[in-house]
């Protein structure tokens, strides 16, 4: 019985839910990098890093399919990072993020 409990506890992390995240980027020559996260079953987030010397203004569009896309506008200072998050009413199956950045 103890062995069975140990096996079940060891398999617990395998049940974690994750969804695929596709990011389409248009960086316009800026030194921008990103990290997309599946924060929760209905929350998506992206961290935008600016490695350049020019401040950037970015538009992030979160799209999960049937719901209306969520648009966030963020300002990323040179050498800093900023997060953008979107919450949906339904569970996310696949997240598509459009990241467009322009110099400030």
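Here the label points at residue 59 and residue 89, each 7 Å from Cα along the C-beta direction, are separated by 2.5 nm in the simple model. Its relative contact order, with pairs defined as Cα atoms under 8 Å and 6+ residues apart, puts region 50-104 at 48 percent.
Set the Förster distance to 30 Å, then compute FRET efficiency between residue 71 and residue 31 from the Cβ-Cβ distance, nearest 0.05.
Result of the calculation: an efficiency of 0.80.
Here is the tail figure for region 42-81: Cα pairs spaced more than 17 Å apart come to 38 percent of all pairs. When the Debye formula is applied to the Cα atoms of region 17-103, each taken as the same point scatterer, what base-10 log of I(q)/I(0) results at q = 0.13, 0.15, 0.24 Å⁻¹? Debye curve over Cα of region 17-103, log10 I(q)/I(0) at q = 0.13, 0.15, 0.24 Å⁻¹: -0.38, -0.50, -1.10.
Values quoted throughout were computed directly from the atomic coordinates according to the rules given, and no laboratory measurement underlies them. All of these numbers come straight from a predicted model, not from anything done at the bench. Here Cβ is always computed from backbone atoms with ideal geometry, including for glycine, and neighbour counts include all displayed protein chains.
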